Amino acid sequence: MSTIFYPEIKKKGFSHVLEFAGKTDPAEFAAWYNLHRNEAEAALLESGALLVQGLELDSTESFGAVAGAMEEEFTDYIDISYQRRRLSSNVYISTEYDASFPIKMHNELSYANYWPSRLLFACLIPSATGGETPLADSRAVLRALDPAIVEEYRRKQVRYVRNLHNGQGLGPSWQETFKTNDKALVEQYCQKEAMLWHWKPDGGLKLEAIRPPVRKHPKTGAEVWFSVAELYHPSHFEQEYYEGLLELVNGDEEELPLYASFGDGTKISNETVAAVISTIEQQRKLRTWQQGDLLLVDNMLTSHGRMPYTGQRKIVVYLCK
Ligand SMILES: [Fe+2]
């Protein structure tokens, strides 16, 4: 084993950066990380993201090995709004959503009752153009949002609604979502997740969960904006697509695969949704991926998205407990 190069943690723009001498063996980096965990964590808690450069990361296997050596995996990952492909036992492709559209900013699983504390991304193949993973500081987002909007969200909380069909319909079925045909298992899961469930006469399943839009970081106590209501709300789509969706459910938004209202059932207006999305987008920072980059993101302190791209982009992700 060659000598481990001890890097300094530098603050550069949004994230802290760790630069290793080019082509450092990921196993050597993992050893460094485990010895310097406190330093790395202090940097992560301050800026919300830590970028590691200079690693020889070129395969799902090398990424899976380094990720597993750094952090314990978040395994309770069955109930997802956006399906993603598993590449190996612990590595997923970051969401496969049409390359020509952006993925809007979000904190992973913020609609759920528990979520991964951190996300590890790695760039195996950079895109030809675009494809950045924008990051936004969720503490700064909370400070930047219109106080009247935050006050209403805090007071009423958010109600996340999902309609899962029984095999045919819009969006995913409940069987695909929960990877089972056993209704009792689904009900058990819903209970654990503090979700209300309702089996419909056509065999479909409606889920409702009320969650706070602001949460406290367990380590720093800092309050963060942790709502994804705006992406459950159909008005975030292009106007034509939004109108098409509404037509498919005869104008009843409550019947869409994903929908969000306030906790008391009142509507979140299209204007509010647009204002929240625009505030978050004003806070986001973009950086071009380089092959071998490893990015550790604190999932509560930092939201992420994806810019449109061209070419063969391969960004992989590991969810940390
Ligand atoms: Fe994501």
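Any read-out appearing in this document is the output of simple, stated calculations on the displayed coordinates, not a laboratory observation. Because the structure is predicted, anything quoted here is derived from the model rather than measured. Every residue, glycine as well, gets a Cβ built from its backbone with ideal geometry; the counts of neighbours run over all protein chains shown.
Quick notes on this structure:
- Convex hull projection area averaged over all views, the chain, Cα basis, nm²: 16.7
- Descending by average beta-carbon neighbour count within 10 Å, the peptides 238-246, 172-180 line up as 172-180, 238-246, the highest first.
- Sites A148 and S100 - FRET efficiency at Förster radius 30 Å, r taken between beta-carbons, to 0.05: 0.30
- Annotation note: trypsin sites (Lys or Arg not before Pro) in the range 104-139 located in DSSP loop regions with a Cβ neighbour count of at most 14 within 10 Å are absent.
- Bridge type composition, the chain - antiparallel percent by DSSP, nearest 5: 90
- Unsatisfied cross-links (Cα-Cα over 21 Å) in the set K156/K192; K11/K216; K12/K285; K179/K267; K156/K216: K156/K192; K11/K216; K179/K267
- Mean-position separation - Cα centroids, the range 106-178 and the range 216-288, in angstrom: 9
- Derived scalar couplings ³J(HN,Hα) [the range 112-121; Karplus, 6.51 cos²θ - 1.76 cosθ + 1.60; whole Hz; x for Gly, Pro]: 9, 8, 8, 8, x, 6, 9, 10, 10, 10
- Normalised by 2.2 N^0.38 Å, with N the number of residues, the alpha-carbon radius of gyration of the range 139-280 equals 1.13.
- In this structure, K219 and Q53 have a Cβ-Cβ separation that, at R0 = 22 Å, corresponds to a calculated FRET efficiency of about 0.30.
- Separation of the T310 and S269 label points, Cα + 7 Å toward Cβ, nm: 4.1
- Taking every alpha-carbon pair under 8 Å whose residues sit at least 6 apart, the chain reaches a relative contact order of 33 percent.
- At R0 = 51 Å, FRET efficiency that the Cβ-Cβ distance of E254 and E39 yields, to 0.05: 0.55
- Mean Cα-pair separation over length for the range 139-280, i.e. relative contact order, pairs under 8 Å, 6 or more apart, %: 33
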